[in-house]
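Worksheet: the structure to be examined is printed underneath.
No lab work stands behind these numbers, since they all come straight from the coordinates. All of these numbers come straight from a predicted model, not from anything done at the bench. In this analysis, Cβ positions are derived from the backbone assuming ideal geometry, glycine residues included, and neighbour counts consider all displayed protein chains.
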Amino acid sequence: MRILSVHTLAALAMTTLVLTPAALLPGQAMAETAGTLTVTGSATINVVPDLATISLGVTTTGATAAAAMSANNEAVSAVISRLIATRIADRDIQTSSLQVSPNWVANADGTGQVTKGYTASNMLTVRIKALDQTGAVLDAAIADGANTLNGLSFGLQDQRPTEDEARKAAVADALARARLLADAAGAKLGAILSISEGGAGDMTPMPMYKMTRADAVPVAAGEVGVSASVTIVWQLAQ
């Protein structure tokens with residue numbers, strides 16, 4: 001009679017276990033054998049903006065800090081009054097920067113610096129919800145003393161609907177890419193394992209200019225782009 005050692009029996013048992021996939025569910029074994037597919041889809045929805053945001057203000061000088069600030073306060077008050085007169089709501093006007101600083105110049109012998117007066121600056125962020133008034137608002141503010149313009153940007157008062165549209169388009173893009181890749185590999189898409197937003201909700205407006213003209217100052221509102229991206233992981237089946 002042939003007697004098998006304990007070590008031999010253990011080796012046979014391990015071999016049988018490895019070669020028999022019955023320990024896993026049939027569908028699970030197939031999915032794990034085929035692997036997974038990860039695809040990132042992206043989309044940008046371009047829409048006409050309905051909001052303009054302006055950064056403007058007043059810069060004044062004076063022999064003393066108090067004098068510079070006093071002149072600045074007077075000019076800014078006039079600018080704010082004119083903005084309100086052009087039907088800009090109080091809640092759409094906000095002070096974004098306020099500062100007073102000395103003006104340094106070289107001394108007579110050029111060996112150092114001395115203070116020669118002061119500069120006061122007051123910057124306002126203004127939201128304009130009637131875009132056809134953008135040029136008129138700029139013209140009025142400048143006429144009343146605004147002498148600093150830091151920027152003009154366009155956006156949306158309510159971004160959520162466009163964000164959701166971009167998300168749906170990004171998912172559709174990911175699905176189209178996944179189907180193409182799976183078909184090329186001779187596989188089929190299985191269940192979705194995960195969905196994540198990667199860089200999604202990038203709502204930074206991307207202007208694409210179409211020249212239009214507002215009342216006083218020429219303004220190009222154009223379009224803004226709202227972007228989103230999603231990453232989806234699928235099981236693959238042969």
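Mind ordering 92-105, 138-151 by average Cβ neighbours within 10 Å, highest first?
On the way: 92-105: 13.1, 138-151: 17.4.
Output ranking for 92-105, 138-151: 138-151, 92-105.
R0 = 25 Å: FRET efficiency of residue 77 with residue 153, Cβ-based, nearest 0.05?
Details: r = 25 Å, r/R0 = 1.02.
Plugging the Cβ-Cβ distance into 1/(1 + (r/R0)^6) gives 0.45.
Have a look at the range 51-155 and give its Rg and Dmax from the Cα atoms, expressed in angstrom.
So, for the range 51-155, Rg and Dmax equal 16.2, 56 Å respectively.
Determine the gain in length on full extension of the stretch residue 36-residue 87; use 0.36 nm per residue of separation and subtract their C-alpha separation, reporting nm with one decimal.
So the extension gain works out to 12.6 nm.
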